[in-house]
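Report on the structure given below.
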């Protein structure tokens, strides 16, 4: 790909901030270029041609003017590929979607294309938009599948999960292995056996199967905590928490 010219690409909006009285700086995750920052001139004006295309989670067809050595490319056109109207209709779906784009923005480097990660993000946002129920499973699934694509996914064996006995077991935060006893070198986290099995399903199953996995509210919370602990162990302070704090405040006020 040329380092200079006009590029037509599909992209997902990760973040948008106001810049000057009329423009916005937008972070896109594109198919062709990976994560890239763009300037959307006139996006804040009353007659802006961009409309809602620059809202986070939007999946758009974008026209970029790229020049070598420039930190921000110019976004000249954008149109919706998917509107994700259902996704934006429920607070829980919005939270999951925003946390997904926040995580991609936090963990992915600039301008390194990764088609599998783009496909994962697009499919997960579509699932949040289309699924009638059990959308709470999409966020932990997304985190574990992203970890796998980044090279630190859980490495348990199927028999290790099936052979667990008793009410409790352990997850090794370093490797993602599971078992009923702690082995040498493990960084263990104790959890209910059913939580560990749900963790394993979310890490390995197809998205369509994940959307059929029924968990009670306490089980879902336990799985969320297990997945969060696993990701935080690997990416440490890079794991973003801003969206989680904002939505926790919304729930508290409600």
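No value in this document is a laboratory result; all are computed from the given coordinates. Predicted model only: the values in this text are computed from it and were never measured. All Cβ positions, glycine included, derive from the backbone under ideal geometry; neighbour counts span all protein chains shown.
For residue 126 and residue 67, calculate 0.36 nm times their separation in residues minus their Cα-Cα distance, and state this gained length in nm to one decimal.
Fully extending the segment from residue 126 to residue 67 adds 18.0 nm.
Hey, fewest Cβ within 10 Å first, where do 9, 30, 115 land in order?
Fewest to most other Cβ atoms nearby, the residues stand as 115, 9, 30.
In degrees, nearest 10, range 0 to 90: what is the angle between the Cα axis of helix 115-130 and the longest Cα principal axis of the chain?
The two axes meet at around 80 degrees.
Please build a GNM for the chain, connecting alpha carbons under 10 Å apart, and tell me which residue among 56, 154, 109 fluctuates the most.
The residue that fluctuates most here is 109.
Which semi-axes, in whole Å and largest first, does the equivalent ellipsoid of segment 79-193 have when worked out from the alpha carbon gyration tensor as the square roots of 5 times its eigenvalues?
32, 18, 11
For residue 105 and residue 159, what is the calculated FRET efficiency with R₀ set at 35 Å and r taken between the beta-carbons, to the nearest 0.05?
Efficiency, rounded to the nearest 0.05: 0.40.
So how far apart, in nm, are the two label points at residue 6 and residue 112 if each is 7 Å from Cα heading toward Cβ?
3.2 nm
Using Cα pairs under 8 angstrom and six or more residues apart, how large is the relative contact order of the chain, in percent?
Relative contact order of the chain: 15 percent.
GNM on the chain, C-alpha springs below 10 Å: top fluctuator among 237, 95, 110?
Comparing 237, 95, 110 in the GNM, the peak value goes to 237.
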